[in-house]
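Have a look at the structure below before the remarks.
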Amino acid sequence: MTASPSENSVSEAAAALDEFADRVAGAVGGRAEVSHGTVKVRVASSAWKEALTVTSGDLGLVFLSWLSAIDWTNEVAVGDEPDEPVEERYELLCAVSNLSDGNLAIISTDLDHDSPSIASVADVYPGANWHEREAAEMFGIDFVGHPDLTKLYLPDSFEGHPLRKDFPLLSREVKPWPGKVDVEDMPENGSSPSTENPGA
Amino acid sequence: MSLELTFWWLLAIKLAVAAAVVPVIGMVIGYAEMKLSAHMQSRVGPYFAGGRFGWAQLIADGVKFIQKEDIIPEKADRPVFKWAPALVMLGTMALLVIVPLHPSSRYGIVRDLEVGIFYALAISSVSTIGVLMAGWSSANKYSMIGGLRAAGQLIAYELPLVLATVGVVIQAGTMSMQGIVSAQVAQGWPFALTQFIGFAIFMIATLAELTRLPFDMPIAESELVMGYVTEYSGFRFLFFFLAEFANMFSMSVIAATLFLGGYGLWGINPETLLSPIILFAKVGVLVFLMIWLRWTLPRLREDQLQTLAWKWLIPISILNIIVTAVLKVVI
Amino acid sequence: MEGTFAHHLSEAAVSVELETEGMTLNIGPQHPSTHGVLRLIATVDGERATNVRPVIGYMHRGYEKLSEVRTYPQIITIINRIDWVSGFANEVPFVVAAERLMGVEAPPRAQWIRLVLTEMARISSHLVFMASYPLELGAATPLFFALRERERVLDLLESVTGGRFHPNFNRIGGVKPVYAAGPTTKKAGMDIPSGFLAETRDAMTKVLATCEEIENLVAGNEVFLARTKNVGVLPVDVGASYGVSGPNLRASGAGFDLRTVSDYLPYAEFDFDVPVGRNGDCWDRWWVRLEEIRQSARIITQAIDGLPSSPLQAKVPRIIKVPAGETYVRAENPKGEMGYHLVSLGGLGPYRLKIRSASFSNLSILPWILEEALVPDFIAIMGSLDFVLGDVDR
Amino acid sequence: MTFSDWIAEPVNWAFLAMAIPMVVAALRVVTSRNVVHAALFLVLALAASAGLFILLSAEFVAWVLVLVYIGAVVVLFLFGIMITRAPIGRETNLSHDTRWPAAAAALGVFAVTFWLINGVTQQIGGFGDPLPAVGRATPTGILGEGFINRYLIPFEAVGFVLLAALIGGITLARKDLTPAEEEEGARV
C-alpha cells in the first residue's frame, strides 16, 4: 500500500513525511510505509513494546492518539470479504504523534490469528490502558502485563469479540439491512441493479 | 397561680395565623424567585397559570405536589423520614412568632419575648436536626453527604450569626425584638450604620444557614443530585420547598429588624398601619439581594466555606463585639 | 456494617486519630453532571476520593462494527451522532479520509463551507461548555446567555444543512447541494441560502459580544476563580501520554492545534491564534475554550468575506467505491483530536473503520486526575474536561 | 392540694403534655436499638425539658438548652455518628457492659435530687404547691448582671476551664503531620 513514486515527489511535504517515516522506522527497527499521507511502521510483535518505548522517549512521539486492531481474515460474517486472500492475522496498530509539527506514525505489528497475545504498553503510554481494554474485548487480544484487563464497554457476561470479522450482527440476520436500495446502479450506468448487499 | 385560659386561646390563634403565613410567604417568594431569575436570564418565567404574569404558578405547583404520590424508599427509616420535613417546617414557623410588625404588641407580634433574638437563633437550629434526619433516613449516599454538609455548615455559621447579632444587642441594650426596633426608632437611624460589619457577616451567615448559593453545598444539584431532599417527593418535598422560601423571609425579617430599623422609617410615625408595609419593603430588598446573589454566583467548595467561617467571619465578628462593647462604655 | 456502637466507641477511645469510614460513592450512570450516562465508582474518605474508577459503555453503539456493514454515504449519517454537540465536525475527517483514498479533492467552495460549518460546530460545542460548566459549579445564569447564542449558531447551521444536531451535510467529494431559493425552484442554483453570509456576519458580532458578557459574568467572579484556579492541574506530558487532546491539552501549555499542522481543511489560508493556557487547571481549560470561540468567530468572519466560488461537488462516481488502501485522517474537533483510520479493500463500505474520538482519551485521564480530589472538585474537574458520552462510547 | 385540684389547672396539663413525652423519650434514649434514634429521642427529651423551663418562666435557660444542647451538642452527636457509621435499622448489640452500674448511678442521682428538691419544697410549703417563683419571669438582664457582678469569679473560672479543655481537645485530636503532609494541607 505504498504511495506511488509520483505522489511522493509532488511536494516538499511528502518528502518531509518520507523522511519522518524513515527516521521512525530506523529508530524502532521496522519497515516504513507511507500511504495517502499516513506513516505506518511495521515492527515484529516481539519488538512491539520496545518500539513504543523508543517512540515515547527518543523520538518524542509523546502523544498517544489511539491503539486498535484489524482482523485480517478471509471468512467474514458481515461486510465485504477481501477480494484477494489475505494473510490471516490480527494487525495491532498504535498511532503516536509529537506535539510540535503534528507528524503521526502508526506503529503496526502482526499477531497470530488463533491466539493473539502481546505485551501491554500501558506502562509506556498510560492512555493505552483503556485502548488495550477495548481491543481485548473487541478482538480478544491478550495484553500480557496489563493491570486490569476487564471489559470496557460490554456487560461482564457478554461472550464473544464483536469486532472480529466472524462475529455476526444478529439484527442483520433477523432483518436484512434495507440499505441496498441506496446502492442500486442507476439505469443510465447500463448495468443491472446490484444485488450486492454490504450489510447482509 | 395559673395563666389565664384566654391566653392559651389567643396564643393558639396567633400561632395558627403564623402557620398559615408560611405557605403564603413561601409562595410569594417562590414566585418572586422564579420571575426574577427568569428576567435575569433573558427568559420570561412563569406566564401561563392564572392568566397574567403566571401569578398562580406556585399555587398550581402546590396542587401538583399535593396530588403526587408520597414515595418513601424501601430501605428508608420510615418514622424519621416522615418526621424530618415536619421538623424543618417547625423551625421555620417558630421563627415567625417573634416578628414585630407594629409597635403595638397586641397586634403586631405573636409574642414579644424578652430574649427575642436569642430565641430566634436557638429555634433556627431545630431545622438542622430535621435536615440531618432527612439526610440519614433516606438511605441514600447523596442524601447522607448532603445532610452531613448541611450539619457542618450550619454548625460553622451558627457562630458568626450569633456573634454578629451581639453588637446590636449591646447597642440596643435588649434582646427583645420590639426593644431593638424601638431603640432604632428612638435614635432615628438603623443599626446598620454602626454595625455594618455585623450586618455583612449576618447576611453572609444567613445565606449559609439558608443553604442558598454560594453556600448551597448540601443541595448542590450538580454534585449531590438534590442533597438531603433527593428522596423526597410530593407533599413532603413541598415542605422543604416552602420552608426554604419561608426561611428566607424570616431570616430577612430578623435582619431587617436588627439592622435596618424594622418597621421604623425616618419621618414616618411608626404607629400607623404603614409600619408592616415598611418592614415588608425592607424584607423585599433583602430577599431580592439573596435571589440576585443566587442567580449570579457559583457554589463554593466545602473547605472554602469552612475556611471563610472559621478564619474570617468568626474572628471579625468577635473583633466587632469588642469594639462595640468598648465604644458603648466609652461613649 | 458490622460491629457495634459500643465497640466502636471503645476503639475510638484507644486510637487517638478519629477513623472515618471509607464509603463507596456511585456517581451515575444517571446523575445531573455526567453528560450522558457515565458511572464513577469512587471510594471516598469523607469528601476526599481515594480511588476513582470510571465505568463507561452505557452508550456503546458499536459504530465501528456498524460501519463495516454500511456504504460510505450511509456512514456519514451515523458518525455525526458520535459527538452530538458538534455533529458537523465529526463528518469532515471521514469524508476527507475517503476522498484521499479515492484521490478526489473537494472544490474550494465546498472546503470553505465545510470549514465555516466546522467552526460553527466548534462555537456551538464550546458554548454548551460555557453553559454547562458554570452550572455544574452552581451558577445557573451563564447557561442562558450561552445557550441563547448557541441557538443563533444552530439556526445558521440549520439554514444551510437542514439539521441542527445531525447535519449529514458532507458528501464524499464536497457538500450536499442545497437550494438557494428553496426546494421548489431547483434550477435556481445550488448554493448556501441567500442571506446566510450577512446573517452569519451579524451572528458572529453577537457571539463576540456574548463572549464579552460571559467573561464579565464568570471570569471576574471570585467564587468561580476559587473553584477553578489550581484545581485539577494536568501537566502536558501526562496529558499527552493519556492522549488528552484539544483545548484540554492546550490549556496545559501545549500549543498543539491540528488546524495549524494538518491540511484536512484549508486553515492555512486563515489568520487566527491558538490560545494556550499556563497551568493546565480548570480555569485554563475554561479560558482556552472561551478564547477559541473568539478565534472561531474570527475565522468564520474571514471565510465568509472571501468565500471562493466553485461548484459544491467534485466529480465522483454515482456509486462510491473507495479504492483499496488505508489512511488515517485526524481533525481538530471541538473536543480534541478526532480521526478515522479507514481501511478499504475497494468495496462499497470500509473493511475496518477505527474511530478515534477525543472524549474517550480525554476521559481516560479521570482516574489519574481525580485521585485525591474532593468530591465537589470531581464535578469541577470532570466538567472542565468537556466530554460527551456519545463521543466516549461511540 | 388534691390531685383533682392539681389536674384542674391548665398549666398542669401543659406540664403533663411535656413531662410524659420527656420521660418516655428519656427511656427510649437508652433502650432504642438504633444510635440515631437514640440521639433523636434525646432531642425530644431536651426539647421537653426546655418546655418545662418555660413553664417555670425560666425563658433564658430554656433557650440556652435549645441552642446549646439541641442546636450544638446533639447536632454534633448526629454529625459524629453519621460521619463514622450510620446504619439504618436495628442493631443487635447496642448495650454497654456497664449498663447496670450506670442505671444504678442514674437512680442514685435521681434520689438525691428528689430528696433535695423535696426538702426545699417542704420548707416553702406542701409538695405540689406552686413554687414562689413560678409565673414570674427571671429577667435575663438580672442573670447577666449576676454573671458579671456577684458571680464574676466563678464565671471567669468556668470560662478558663472550658478554654483549657478546648485547647486540650485540639491537642489530643490533632494528628502530627509529616512535613510532606503539611505541604499537602497547605496546598488544599
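Per residue of the stretch B:116-124, what does 6.51 cos²θ - 1.76 cosθ + 1.60 with θ = phi - 60° give for ³J(HN,Hα)? Whole Hz please, x for Gly and Pro, Karplus curve as stated.
So the Karplus estimates, Gly and Pro as x, are x, 5, 5, 4, 4, 5, 5, 6, 5 Hz.
Taking loop as defined by DSSP and a crowding limit of 12 other beta carbons within 10 Å, which trypsin sites (Lys or Arg not before Pro) in the stretch C:292-390 fit? Kindly include the intermediate steps, with their values, before the conclusion.
Working: sites: C:294, C:298, C:315, C:318, C:321, C:330, C:335, C:352, C:354, C:356; in loops: C:315, C:318, C:321, C:335.
Hits after loop and neighbour filter: C:315, C:318.
Note down the magnitude of the dipole of the stretch B:71-330 about its Cα centre, charges +1 on Lys and Arg C-beta and -1 on Asp and Glu C-beta and zero elsewhere, to the nearest 20 debye.
Working: 15 positive and 14 negative charges, 5 e Å.
So the magnitude is around 20 debye.
Could you line up D:49, A:68 from fewest to most neighbouring Cβ atoms inside 10 Å? Before the final figure, lay out the partial values.
Values: D:49 20, A:68 24.
With the fewest neighbours first, D:49, A:68 line up as D:49, A:68.
Setting aside same-chain residues fewer than 8 positions from residue C:354, which lysines have a Cα under 19 Å from its Cα?
A:40, A:151, A:165, C:65, C:321, C:335
Which log10 I(q)/I(0) values does the stretch B:65-169 give at q = 0.18, 0.21, 0.22 Å⁻¹ under the Debye formula, counting every alpha carbon as one identical point scatterer?
Normalising to I(0) and taking log10 leaves -0.92, -1.07, -1.12.
Under a point-charge model restricted to the Cβ atoms of Lys and Arg (+1) and Asp and Glu (-1), what is the dipole moment magnitude of the stretch C:39-393 relative to its Cα centre, in debye to the nearest 20? Walk me through the intermediate numbers first.
Values: 38 positive and 41 negative charges, 304 e Å.
That gives the stretch C:39-393 a dipole magnitude of about 1460 debye.
Could you calculate the FRET efficiency of residue C:151 with residue A:142 from 1/(1 + (r/R0)^6), where r is the beta carbon distance between them and R0 is 56 Å, rounded to 0.05?
Details: r = 50 Å, r/R0 = 0.89.
Calculated transfer efficiency: 0.65.
With runs of 4+ DSSP H residues as the only contributors, calculate the mean residue ellipticity of chain B at 222 nm using -39,500 (n - 2.57) per run, divided by the residue total and rounded to the nearest 500.
Values: 13 runs with 218 residues, N = 331.
Only helices count here, giving -22000 deg cm²/dmol.
Note the angle between two axes, namely the Cα long axis of helix B:126-137 and the longest principal axis of the Cα atoms of chain B, as a number of degrees from 0 to 90, rounded to the nearest 10.
With rounding to tens, the tilt is 20 degrees.
For the stretch B:231-321, what is the convex hull (Cα atoms) projected area averaged across all directions, in square nanometres? Display every interim value, and only then the final one.
Values: hull surface 37.2 nm².
Dividing the Cα hull surface by four gives the mean projection, 9.3 nm².
Residue by residue through the stretch B:303-319, which ³J(HN,Hα) values in whole Hz follow from phi under the Karplus form 6.51 cos²θ - 1.76 cosθ + 1.60 (θ = phi - 60°), with glycine and proline marked x?
Per residue, the Karplus-derived 3J(HN,Hα) values read 5, 5, 5, 5, 4, 4, 5, 7, 8, 10, 5, 5, x, 5, 5, 5, 4 Hz.
Sorted from largest to smallest, which semi-axis lengths in Å does the alpha carbon gyration tensor of the stretch B:37-76 give for its equivalent ellipsoid, taking the root of 5 times each eigenvalue?
Working: eigenvalues 174, 44, 5 Å².
In descending order, the three semi-axes are 30, 15, 5 Å.
List every residue whose amide H lies under 5 Å from the amide H of residue C:337, counting only residues 5 or more places away in sequence or on a different chain, with H placed 1.01 Å from N in the peptide plane.
Hits under the 5 Å cutoff: C:245, C:246.
Once you have the alpha carbon radius of gyration of the stretch A:5-168, what is it after dividing by 2.2 N^0.38 Å, with N set to its residue count?
Cα Rg divided by the expected 2.2 N^0.38 Å: 1.09.
Counting only residues 5 or more places away or on other chains, whose amide H sits under 5 Å from the amide H of residue C:25 once H atoms are built in the peptide plane?
So residue C:25 has HN proximity to C:42, C:43, C:44.
When the Karplus curve 6.51 cos²θ - 1.76 cosθ + 1.60 is applied with θ = phi - 60°, which whole-Hz ³J(HN,Hα) does each residue of the stretch C:245-260 get, with x for Gly and Pro?
Listing the rounded values in order: 9, x, x, 5, 7, 5, 5, 7, x, 8, x, 9, 10, 4, 5, 8 Hz.
To the nearest 0.05, what FRET efficiency results for residue D:99 and residue A:75 with a Förster distance of 60 Å applied to their C-beta separation?
Working: r = 77 Å, r/R0 = 1.28.
The calculated FRET efficiency here is 0.20.
Under a point spin-label approximation (7 Å from Cα along Cα-to-Cβ), what is the residue B:273-residue A:47 distance to one decimal in nm?
Label-label distance for residue B:273 and residue A:47, simple model: 9.9 nm.
If the elastic network links every pair of Cα atoms under 10 Å, which of C:261, C:218, C:175 fluctuates the most in the Gaussian network model of chain C?
Comparing C:261, C:218, C:175 in a Gaussian network model of chain C, the most mobile one is C:261.
Specify which residue in the list C:30, C:310, C:295 is farthest towards the positive end of the charge dipole of the protein assembly as shown, using unit charges on the beta carbon of Lys, Arg (+1) and Asp, Glu (-1), about the Cα centre.
Checked the options; the winner is C:30.
What lysines does residue B:311 reach when the alpha-carbon gap must be under 22 Å and sequence neighbours fewer than 8 apart in one chain are set aside?
By straight Cα distance, residue B:311 reaches C:229, D:175.
What is the spin-label model distance, in nm, from residue B:9 to residue D:106 if the labels are put 7 Å beyond Cα along the C-beta direction?
4.2 nm
To the nearest 20 Debye, how big is the dipole of the protein assembly as shown about its Cα centre, given +1 on the beta carbon of each Lys and Arg and -1 on that of each Asp and Glu? Before the final figure, lay out the partial values.
Details: 83 positive and 114 negative charges, 757 e Å.
Approximately 3640 debye in magnitude.
Pick out, from A:98, A:167, A:143, the residue whose Cα sits farthest towards the positive end of the charge dipole of the stretch A:5-168, with +1 on the Cβ of Lys and Arg and -1 on the Cβ of Asp and Glu.
The residue sitting most towards the positive pole is A:98.
Does anyone have the angle between helix C:108-136 and the longest principal axis of chain C? Alpha-carbon axes, 0 to 90°, nearest 10?
Roughly 20 degrees, rounded to the nearest 10.
What fraction of the Cα pairs in the protein assembly as shown, stated in percent, has a spacing above 53 angstrom? Could the numbers behind the result be given before it?
On the way: 214269 of 618828 pairs.
The answer is 35 percent, as a whole percent.
Find how much the distance from residue D:30 to residue D:11 grows on full extension, using 0.36 nm per residue of separation minus their present alpha carbon separation; answer in nm with one decimal. Spell out each step's value before the answer.
Details: separation 19, 0.36 × 19 = 6.84 nm, distance 2.92 nm.
My answer for the length gained is 3.9 nm.
Can you give me the distance in nm between label points at residue B:16 and residue D:164, each placed 7 Å from the Cα along the Cα-to-Cβ direction?
Each label point is offset 7 Å from its Cα along the Cβ direction, giving 5.7 nm.
I need the Debye-formula profile for chain C: one equal scatterer per C-alpha, no solvent, reported as log10 I(q)/I(0) at q = 0.07, 0.09, 0.10, 0.14 1/Å, two decimals.
Cα-only, vacuum Debye calculation for chain C: -0.35, -0.55, -0.67, -1.21.
Which listed residue (C:334, C:324, C:359) has the Cα farthest towards the positive end of the charge dipole for the stretch C:244-382, taking +1 on Lys and Arg C-beta and -1 on Asp and Glu C-beta about the Cα centre?
Of the listed residues, the answer is C:324.
Report the trypsin sites (Lys or Arg not before Pro) located in the stretch C:52-156 that are in a DSSP loop and have at most 15 other Cβ atoms inside 10 Å of their Cβ, or state none.
Working: sites: C:61, C:65, C:70, C:81, C:100, C:109, C:114, C:122, C:148, C:150, C:152; in loops: C:61, C:70, C:81.
For trypsin sites (Lys or Arg not before Pro) across the stretch C:52-156 that sit outside H, G, I, E and B with at most 15 neighbouring Cβ atoms in 10 Å, the list reads C:61.
Values in this text are rule-based calculations from the coordinates and carry no lab data. Given the structure is predicted, the values throughout are model-derived calculations rather than measurements. Neighbour counts are summed over all protein chains in view; Cβ atoms, including those assigned to glycine, are modelled from backbone coordinates with ideal geometry.
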